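Student: Following this message is one structure expressed as structure tokens.
The values are calculated or read from the model by the stated rules, or taken from the named source; none is laboratory data. The structure presented is a predicted model; accordingly, all values stated were derived computationally and were not measured. Quick reminder, even Gly has a Cβ in these numbers, built from the backbone with ideal geometry, and neighbours come from all protein chains shown. We work out accessible area using only protein heavy atoms, side chains counted, and drop any ligands, DNA or RNA first. Shrake-Rupley method; radii C 1.70, N 1.55, O 1.52, S 1.80 Å.
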Amino acid sequence: MYAVLAGGVGAARFLRGLTAIVAPEQVTAIVNVGDDLDRFGLRICPDLDSITYWLAEVVHPEQQWGRADERFTVAEELIRLGHEPWFTLGDRDLALHLHRTEQLRRGLPLSQVTAEVAQAFGVAVRLLPATDDRVETRITTVDGRDLHFQEYWVRERAAPEVAGVHLAGAPLARPAPGVVDALLSADAVLIAPSNPVVSIGTILAVPGIAEALRQTVAPVVGVSPIVGGRVVRGMADRLLPAVGAEVSAAGVAAHYGPGLLDGWVVDHRDADAVGQVAAAGIRCVATDTMMDDVEVAAALARTCLDLAAEVAGEAAGEQAGDAAGEAADEAAGEAADEGAVRAS
Ligand code: FO1
């Protein structure tokens, strides 16, 4: 089983590649919920929904979020009623939010609602929210505002300069059922090329998850979301400096740290970073990470699994080596004792 830490679009593309080379039932995606928000009394989970729609192949192809073949009748009427159209909800998308909100109101945990929705869309990958508790990624701006991530990213178009990022509610949040087990029992843990601060960072901020990643015997291999010093999509380049990380493939690997990462996959354009990352104790390889089609995404996933196997092999080798070493020492010790006895 492969556990994948996942944000939104980059993770969805990566998961499509991974499920092209391993059975979807073998994959557990642990998905960020810090982007989630309430609008018109409805609970909206953008990263869970993007991944569901991508894997069900019903995502809006240009937007890469929301539904294909969508209509905006309700959104148009809301504008007539005087609502600001800054976070647009399509008619099909609304049905999912109505369903989820009703199920949550009835007391079902988000993880159970997510499993129902995945099943309804025929998604075989196990989708787990990082937590069933309410956490919220918030951005504090240099001009003193405290914004919900979606207000910052969608309404403000990521224009304000960022002073800090924090996950409100994190201290009381618990990993959703199955999350820690998935990380501890995985054959490999993969970190998708999602936003290291507000997607992966937000998952790791849920108490117990980063610890499980450090504890697991599974190799942990990530893919850099920064290519050639730039983001592929989104606004990680504006957030990484706010958490003291360099906007580069090596900078993100350093941000996660060798305590978390065993392997790091960078794009060919960052091949010069391989040595620097390796020097930090993280195995590193360069490949094509621009997942413009499923073939590239599948090849990238293959590279990640090969690197994970290499790391696991090494680790097993070390263990075997250690065991062999201990046995040899013991034998040598016994021989010395015998020699001593004979000599005396
Ligand atoms: N992104 C936008 O840029 N504009 C929108 O109006 C918008 C609406 C929206 C509705 C539902 C949903 O699940 C996602 C939506 N997104 C929109 C994308 C969203 O901001 C991103 O998917 C993630 O939160 C960032 O990864």
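Student: With only alpha-carbon atoms counted, please give the Rg and Dmax of the range 1-85, in Å.
Tutor: Computed over the Cα atoms of the range 1-85, radius of gyration and Dmax are 15.2, 49 Å.
Student: Based on the mean of other beta carbon atoms within 10 Å per residue, what is the order of 43-51, 299-307, 243-251, 91-99, most packed first?
Tutor: Sorting 43-51, 299-307, 243-251, 91-99 by mean packing, highest first, produces 43-51, 299-307, 243-251, 91-99.
Student: Once you charge only the Cβ atoms, +1 for Lys and Arg and -1 for Asp and Glu, what is the size of the charge dipole of the chain about its Cα centre, to the nearest 20 debye?
Tutor: For the chain, the charge dipole is close to 1180 debye.
Student: Report in % the part of the accessible area of the chain that belongs to carbon and sulfur, leaving out ligands and nucleic acids; probe 1.4 Å.
Tutor: Within the chain, the accessible surface is 53 percent carbon and sulfur.
Student: Over the alpha-carbon set of the chain, work out the extent along each principal axis and list the three values in angstrom, largest first.
Tutor: Sorted from largest, the Cα extents of the chain read 102, 40, 40 Å.
Student: Go through 258-267, 113-122 and give me the packing order, highest mean Cβ count within 10 Å leading. Write down the numbers at each step before the final one.
Tutor: Values: 258-267: 22.1, 113-122: 17.1.
Highest to lowest by the protection proxy: 258-267, 113-122.
Student: A further question follows. When DSSP assigns beta bridges and you keep just the ones with both residues in the chain, what percent turn out antiparallel, to the nearest 5?
Tutor: 40 percent
Student: Please list the non-local residues whose amide H lies under 5 Å from the amide H of Val227, H modeled 1.01 Å from N, same-chain partners needing a gap of 5 or more.
Tutor: Answer set, sorted by chain and number: Val232.
Student: Which residue, Trp54, Thr101, Leu78, has the largest displacement toward the positive end of the dipole of the range 44-116 when charges sit on each Cβ (Lys, Arg +1; Asp, Glu -1)?
Tutor: Of the listed residues, the answer is Thr101.
Student: Heavy-atom accessible area per residue, the chain, 1.4 Å probe: how many Å²?
Tutor: Numbers: 15320 Å² over 344 residues.
In whole numbers, the chain has 45 Å² accessible per residue.
Student: Please work out, to two decimal places, the log10 of the ratio I(q)/I(0) at q = 0.17, 0.21, 0.24, 0.26 Å⁻¹ from a Debye calculation in which every Cα of the range 229-320 carries one identical scatterer.
Tutor: So the normalised log intensities are -0.79, -1.11, -1.29, -1.37.
Student: Which net charge results for the neighbourhood of Ala309, defined as the other residues with beta-carbon distances under 14 angstrom from its beta-carbon, given Lys and Arg at +1 and Asp and Glu at -1?
Tutor: Summing Lys and Arg as +1 and Asp and Glu as -1 gives -3.
Student: Roughly how large, in nm² to one decimal, is the mean projection of the convex hull of the alpha-carbon atoms in the range 15-165?
Tutor: Computing the convex hull of the Cα atoms and averaging its projections yields 10.1 nm².
Student: Any chance you could list P(r) for the range 89-146, counting all Cα-Cα pairs in 10 angstrom bins from zero, rounded to whole %?
Tutor: Histogram of Cα-Cα distances, whole percents per bin: 19, 39, 26, 13, 2.
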